[in-house]
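**Student:** Got a structure for you, written out below as structure tokens; questions coming shortly.
The values are calculated or read from the model by the stated rules, or taken from the named source; none is laboratory data. Since we're looking at a predicted model, the values are computed, not measured. Note that each Cβ is placed from the backbone with ideal geometry, even for glycine, and that neighbours are counted across all protein chains shown.
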């Protein structure tokens, strides 16, 4: 599929969410209910400060989001205005390192696939393995757990992975993380 073109055309939706998984659900719900195009990028961003929360951003690689979509997004929370074109992140995006939930090819990243297949099928440009500076062999199998959340790094969508059983990799982010201090 090739590298994604990062866009300055973005809207941020602040629904007052405090949990990443809830933000993921919001993005998926918006994608389904609003019939968002397949080339939309939907990311989560951590906002710190007086009111810590997770906000969602939506952007398209080469064009502004339709005005009608911007109006319909207001039903999900406060919506930041879309900026005039300028270098990323710019107004409308809270930061340059959003965690991608919706992106071209995301729905195809299920089951087990090679690093090369994962990159070819999606907007992910590369895979990194925690604890090593060397890139993984393109033939290395990735067990996606149907939960692949790459992150923007220097304008590229990059998936962080960890070694797993049998010489495979798994995405660093688990689909069902155990909350901190869950047994206390």
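**Student:** Would you tally the residues in region 158-184 being in a loop (DSSP other than H, G, I, E, B) and either at pLDDT below 75 or farther than 21 Å from residue 125 by Cα (or both)?
**Tutor:** Going through region 158-184 one residue at a time, the tally reaches 11.
**Student:** With modelled with pLDDT of 85 or more and in contact with a helix residue (DSSP H, G or I) (Cβ under 9 Å, 6 or more places away or on another chain) as the only criterion, which of 30, 1 stands out?
**Tutor:** 30
**Student:** Criterion first (modelled with pLDDT of 85 or more, outside the structural domain of residue 156 (by TED's automatic domain parsing) and not in a helix (DSSP H, G or I)) does residue 14 satisfy it?
**Tutor:** yes
**Student:** Sticking with this one: Scan (1) out of contact with any helix residue (DSSP H, G or I) (no Cβ under 6 Å at 6 or more places or on another chain); (2) within 25 Å of residue 57 (Cβ to Cβ); (3) surrounded by 15 or more Cβ atoms within 10 Å (Cβ to Cβ); (4) without any contact (Cβ under 8 Å) to a residue 60 or more places away in the chain for the single condition residue 108 breaks and write down its number.
**Tutor:** Exception for residue 108: condition (1).
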